Amino acid sequence: MKVYQGTIVTVNQHDEVCRYLVEDQGRIVYVGHTLPEEYKSVERIDLGSKALIPAFVDTHQHFASFSTFQAGLNVMDAASNEEIKQMIRDFYKRSKGKTLICFGASPYSVSEGRLISRAELDEVCPDKEIMVVKYDGHACIVNSKLLAKMNDKVKHLRGYHPDTGEMNQEAFFTFSDYITGSLSLIDLFKNMQASVDFQASHGIGMVHTVSGVGFIGNLDITFEKIFARSLQNGFQLRVFPQSMNLNVAKSRKLPRIGGCFECALDGCFGSHDAAMNEPYSDEAGGDGVLYYSDEKVIDFCKKANCAGLQIEMHAIGDKAFDQATRALKAALDDCPRENHRHGIIHDCLPTEEGIKICRDYHIQMPVQSAFIHWKQEPDEYLVSIMGQERASRLNPIKTFKENGIVVSFGSDAPCTSPDPIVWMDRAVHNGNQSVTVQEALRMCTYNGCYATFDEKQRGSLEAGKIADMVILSENPYTTDNIAGLKVCSTILGGKPYQSAKTSVLPSILKGLFSTNKNY
C-alpha cells in the first residue's frame with residue numbers, strides 16, 4: 001500500500017484535482033482532499049511540484065509496423081535526400097539482413113522538395129533489397145533489386161510507378177505485405193518488447209493496435225494477441241484486425257474489427273489519394289481514391305454490427321468520411337445497438353452532415369492531433385493542394401467536442417512517434433479549434449479507455465480502478481508550457497514499470513497458455 005501526496009489530477013467526471021491517492025495491491029482504494037486516519041501510517045510518496053495523472057492511451061497505432069520500423073532506419077529528421085542517402089549507406093554497412101527497411105521519407109521536409117528516387121537508392125544500396133516507407137505510411141520507394149523481385153506481382157496494380165520506384169495504393173500494400181511477411185517472428189517479438197518499453201517511457205499504458213499487414217494467415221494478428229497475453233508488466237494491448245472478413249476477428253475471439261489497410265476507405269493527403277468531395281486545387285487535380293463502393297462498405301458494416309463487433313474504419317478525406325458515416329448509419333438503422341462504440345479513424349476533413357451522424361449515432365473518433373502543424377505534411381503544403389478554405393476546416397477537434405462526440409488521441413505510429421505530450425500541445429494550440437488542457441488530457445486518457453470499453457477499470461484516478469498512472473514533471477492544468485512537460489515515471493497496476501524484455505521463447509509459451517485477457 002502507498003499514499004501519493006501532492007497534485008492528483010483525477011480526470012474524473014468533474015476534472016477534480018485532489019491531494020491524496022491511496023493504492024493497494026494494484027488498485028486505487030481512495031482519492032480525496034484529506035487523508036483518512038486509517039492511511040496516515042502508510043508509506044507516502046511526496047510528489048512535490050510534480051503531478052500524478054492517469055496513464056496515457058494511444059488509440060490508433062500500427063504496433064507491429066511501428067515495432068519493426070523502430071528497429072530499422074528512421075529518416076524522418078533528415079534535412080535532405082543527400083542526408084538520407086548517407087544514412088542509408090551507414091545503415092547498409094552495419095545491417096546483416098538481406099532486406100533493409102527505412103521509414104519517414106517526405107518530399108516536404110527535405111531541401112530537394114521531392115521523394116528520394118529508385119536511382120538514388122540503387123546508388124547507395126545496389127545489392128540488397130530496400131524499401132523506404134513514406135512518412136504517411138501509405139507509399140514507399142523501392143530499389144531495383146526489390147522491384148525486380150516483385151515486378152510481376154505489382155505491375156498491373158494501381159499505384160505502380162517503376163521509373164521513380166514510388167509505389168502507392170494497392171502496389172504499396174503488396175510491397176508492404178512482402179516485407180512484413182518475410183520478417184523473423186523471433187525478431188518481431190523482440191522488437192515488440194522494445195516498442196512497449198519505449199512507449200511506457202512516454203507514459204503510455206495502453207495501445208489500440210491495428211493488425212493484418214501481410215503475414216500468411218494473418219499470423220501477425222494472432223502473434224500480437226499472443227504477445228499481449230505474454231506481458232506481465234501491466235501494459236495493455238487492444239487488437240483490431242484490419243479485415244472485412246468477420247471470421248478473422250471471430251475465430252480469434254476478438255470483439256472488434258477494423259483499422260487501415262483493408263479497412264481504409266481512402267488514402268492520405270501526402271500521397272494525393274485522400275478521397276475528396278471536390279477536386280484537389282493544385283495542378284495534379286483529381287479527387288483522390290475511394291477504395292470501395294458504398295454497397296461494399298455498407299454490407300461490411302451491417303454484417304459486423306449485427307455480429308456484435310465493434311467497427312473502426314480509416315477516413316481522411318471528406319468523401320471517405322461521408323462514406324464511413326453513411327455506412328455506419330445504415331448498419332445501426334438496420335440493427336440498432338445502444339453501446340456499440342463504432343469509430344471513424346483520423347477524421348481529418350469531416351463534413352457537417354457526417355458530424356451530425358456521428359453525434360446522433362454516438363460514433364466515436366480516434367483522432368491524430370499530432371497531424372496538426374506536422375513537419376512532414378506542413379500547413380503550406382495542405383493549403384497548396386486543397387486551398388485555404390478547406391485547409392482551415394482540417395482537424396476540427398473543438399467542433400467534435402461541442403457536438404458531444406467522444407474524441408481520443410493516437411499516434412498512427414509509425415507515421416508519428418507515440419508522444420502524448422505532443423498530442424496535448426497540438427490540441428490546445430489549434431487556432432479556433434483549440435480545446436482546453438482538461439479536455440486534451442481527457443482525450444489522451446479516459447476517452448481512450450472508453451473507446452475499447454475499458455473506462456470502468458482504467459482511464460481516471462478513482463477508487464476501485466486499476467492504478468495505471470503517470471508522474472509528470474508538473475501540473476498540466478497550470479503549466480505555461482505543455483510541450484515542456486516530461487514523463488518522470490510510469491506506474492502500471494500500482495507498480496513502477498518493468499521492462500518487457502524477457503526471453504522470447506518462454507514469453508511466447510506464456511502467451512499461448514496464459515489466461516490473461518489483455519487483447
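The values are calculated or read from the model by the stated rules, or taken from the named source; none is laboratory data. Quick caveat, the model's predicted, so the values are computed rather than measured. A quick note on method: Cβ atoms are made from the backbone with ideal geometry, for glycine too, and the neighbour counts reach across all protein chains shown.
So the check is Cβ under 9 Å with 6+ separation or different chains; which pairs have a first residue in segment 465-494 that's on the phi > 0 side of the Ramachandran plot and part of a loop (DSSP other than H, G, I, E, B) and a second one that's at pLDDT 95 or above and charged (D, E, K, R)?
G493/R27; G493/D468; G494/K2; G494/E23; G494/D24; G494/R27; G494/D468
Can you tell me which residues in segment 1-48 are of a type in the set (S, T, N, Q), within 31 Å of the chain's Cα centre (by Cα) and assigned to a strand (DSSP E or B)?
Result: T7, single match.
Looking at L237, L185, which one is more than 26 Å from F409 (Cβ to Cβ) and either in contact (Cβ under 8 Å) with a residue 24 or more places away in the chain or buried (at least 20 other Cβ atoms within 10 Å of the Cβ) (or both)?
None of the others qualify; the one that does is L185.
Against the condition buried (at least 24 other Cβ atoms within 10 Å of the Cβ), more than 23 Å from P378 (Cα to Cα) and modelled with pLDDT of 95 or more, how does G459 come out, does it pass?
Judged against the criteria, G459 is a match.
Given the condition within 28 Å of F215 (Cβ to Cβ) and either in contact with a His (Cβ under 7 Å, 6 or more places away or on another chain) or of a type outside the set (G, A, S) (or both), answer yes or no: does some residue in segment 76-83 qualify?
Within segment 76-83 (the criterion being within 28 Å of F215 (Cβ to Cβ) and either in contact with a His (Cβ under 7 Å, 6 or more places away or on another chain) or of a type outside the set (G, A, S) (or both)), the answer is yes, since at least one residue qualifies.
Kindly provide the set of residues from segment 23-60 that are over 26 Å from L237 (Cα atoms) and touching a Leu at 6+ places or on another chain (Cβ under 8 Å), ordered by number.
Result: Y30, V31, K50.
Only one of these conditions is not met by Q438: (1) in the same structural domain as A370 (by TED's automatic domain parsing); (2) crowded, with 21+ Cβ neighbours inside 10 Å; (3) touching an Asp or Glu at 6+ places or on another chain (Cβ under 8 Å). Which number is it?
(2)
Take segment 176-206 and flag every residue that is under 15 Å from the mean Cα position of the chain (by Cα), of a type in the set (V, I, T) and farther than 20 Å from L512 by Cα.
I204, the sole residue that qualifies.
Inside segment 194-213, can you point out the residues that are surrounded by 20 or more Cβ atoms within 10 Å (Cβ to Cβ) and farther than 21 Å from I471 by Cα?
H208, T209, V210, S211, G212, V213 - these are the residues of segment 194-213 that are surrounded by 20 or more Cβ atoms within 10 Å (Cβ to Cβ) and farther than 21 Å from I471 by Cα.
Among the numbered conditions (1) of a type outside the set (D, E); (2) at pLDDT 95 or above; (3) surrounded by 24 or more Cβ atoms within 10 Å (Cβ to Cβ), tell me where F175 comes up short.
The one condition F175 does not meet is (2).
Scan the helices (runs of 4 or more DSSP H) fully inside segment 308-412 and keep the ones with 2 or more residues being in contact with a Ser or Thr (Cβ under 9 Å, 6 or more places away or on another chain) and among the hydrophobic types (A, V, I, L, M, F, W, C).
Answer list for segment 308-412: 352-360, 379-391.
Do we have V75 as surrounded by 13 or more Cβ atoms within 10 Å (Cβ to Cβ) and under 20 Å from I466 (Cα atoms) here?
no
Only one residue in P414, P418, P476 is buried (at least 17 other Cβ atoms within 10 Å of the Cβ) and at pLDDT below 95, so which one is that?
P414
Counting only residues that are hydroxyl-bearing (S, T, Y) and in contact with a strand residue (DSSP E or B) (Cβ under 8 Å, 6 or more places away or on another chain), which one in segment 106-125 is surrounded by the most Cβ atoms within 10 Å (Cβ to Cβ)?
Only one residue fits best here, namely S106.
Determine the pairs where a residue that is surrounded by 10 or more Cβ atoms within 10 Å (Cβ to Cβ), located within segment 87-98, has a partner that is of a type in the set (D, E) with Cβ atoms under 7 Å apart, the partner being 6 or more residues away or on another chain.
Between residues of segment 87-98 that are surrounded by 10 or more Cβ atoms within 10 Å (Cβ to Cβ) and residues that are of a type in the set (D, E), the close pairs are K98/E129.
Just one of K303, K319 is touching a residue at least 40 places away in the same chain (Cβ under 8 Å) and under 22 Å from R390 (Cα atoms); which is it?
K319
Would it be correct to say that F321 is aromatic (F, W, Y), under 22 Å from F400 (Cα atoms) and not assigned by TED's automatic domain parsing to the domain that holds F172?
yes
Checking V213 against (1) under 27 Å from S95 (Cα atoms); (2) assigned to a helix (DSSP H, G or I), which single condition isn't satisfied?
The failed condition is (2).
Looking only at segment 495-519, how many residues end up being in contact (Cβ under 8 Å) with a residue 24 or more places away in the chain, touching a strand residue (DSSP E or B) at 6+ places or on another chain (Cβ under 7 Å) and not in a loop (DSSP other than H, G, I, E, B)?
Summing the residues that are in contact (Cβ under 8 Å) with a residue 24 or more places away in the chain, touching a strand residue (DSSP E or B) at 6+ places or on another chain (Cβ under 7 Å) and not in a loop (DSSP other than H, G, I, E, B) in segment 495-519 gives 0.
Could you please find all residues in segment 219-231 being free of Cβ contacts under 8 Å to residues at least 60 places away in the same chain and surrounded by fewer than 21 Cβ atoms within 10 Å (Cβ to Cβ)?
Those that are free of Cβ contacts under 8 Å to residues at least 60 places away in the same chain and surrounded by fewer than 21 Cβ atoms within 10 Å (Cβ to Cβ): L219, T222.
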